[in-house]
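The values are calculated or read from the model by the stated rules, or taken from the named source; none is laboratory data. Everything numeric here is computed off the predicted structure, so don't read it as measured data. Here the Cβ positions follow ideal geometry from the backbone for every residue, glycine too, while neighbour counts run over all protein chains shown.
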Amino acid sequence: MERRFASHPNEVKQFDTERLRKEFHIPVIFAPDELKLVLTHEDRMIVGGANPVNEDVVLTTDLKELGVTYFLERRELGIINVGGKGSVVVDGTEYEVDFKECLYVGQGSKDVIFKSADSAKPAKFYLNSAPAHQSYPTTKTTLAESESGAMGGLENSNERTIHRFIHTNGVQSAQLVMGMTQLKPGSMWNTMPSHTHPRRMEAYFYFDLPDDSIVFHLMGEPTETRHIVMHNEQAVISPSWSIHSGVGTHNYTFIWSMAGDNKRYDDMDPVGMKELQ
């Protein structure tokens, strides 16, 4: 498991492109038959992926890094499948998790195994894990079952649908909040006007993006903005003090996840357009 340390905004002002990418960009989420994990010290979130192709993938890591005897001893896990049909076995119970479906796995679950139904069209399980102080039931939810809402408009190139999976009014968790935003054809902007939420960090995972297209992910303090170029199936870490917005050369889908002091989706500090620099 790779480790990323937290960064102070005054320090980030001095970063060049290479350093920005090294600290915040996660270029490889999926590798065949592997578990890829990145631990960030921003609220101790773990971002990663499991891609079972010819073999099942087991949720495990260097447990000394977490100071526990098994991965979810003091953690919870959010899973969204962005690939072919698959399933997740949690302590002997198998849950089918299809494309764009979500599974929450609660604290205390000991054995988690990722499987694909067809090696020719393998599942790709995107993972977010946060520390947990309380155990909640393992729960599956679908796009149709999620709390959804339309936002933006085509006139501003940001017509999109937001699906909330793990949140206060949906699947219950200790602190993890997780959902998915799908941009309509002709729309490229996400989360603009932008905002910060100093009480929670956030991670974005971009997918459904053609190979020859990119997303310019905006980050930094509102008066010290920077950008990171994102390709399909890549993730980015957003500190709590940073904006997190972006524009693509094509419409796309992204998964957002948060961890921190509360689970209020609407707890944010708006940033006016005239404040951005």
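Which of the residues spanning segment 118-140 are outside any loop (DSSP other than H, G, I, E, B) and crowded, with 21+ Cβ neighbours inside 10 Å? Answer for segment 118-140, where residues must be outside any loop (DSSP other than H, G, I, E, B) and crowded, with 21+ Cβ neighbours inside 10 Å: Phe125, Tyr126, Leu127, Asn128, Ser129, Ala130. Any idea which of (1) acidic (Asp, Glu); (2) over 19 Å from Ala259 (Cα atoms); (3) touching a residue at least 40 places away in the same chain (Cβ under 8 Å) is the one Asp118 doesn't satisfy? It fails just one condition, (3). The number of residues in segment 230-256 that are surrounded by fewer than 23 Cβ atoms within 10 Å (Cβ to Cβ) and either within 15 Å of Val28 (Cβ to Cβ) or of a type in the set (Asp, Glu) (or both) comes to 4. Only residues that are buried (at least 22 other Cβ atoms within 10 Å of the Cβ) and more than 17 Å from Met180 (Cβ to Cβ) were counted in segment 91-105, giving 1.
Ala6 satisfies every condition listed in (1) more than 20 Å from Met230 (Cα to Cα); (2) among the hydrophobic types (A, V, I, L, M, F, W, C); (3) without any contact (Cβ under 8 Å) to a residue 60 or more places away in the chain except (3). The C-beta contact set for segment 236-260 (first residue part of a loop (DSSP other than H, G, I, E, B), second residue acidic (Asp, Glu), distance under 6 angstrom, 6+ apart or interchain) comprises Pro239/Glu42; His244/Glu202; Tyr252/Asp208. Residues that are of a type in the set (Val, Ile, Thr), in contact with an Asp or Glu (Cβ under 9 Å, 6 or more places away or on another chain) and at pLDDT 95 or above occur in segment 209-232; there is at least one.
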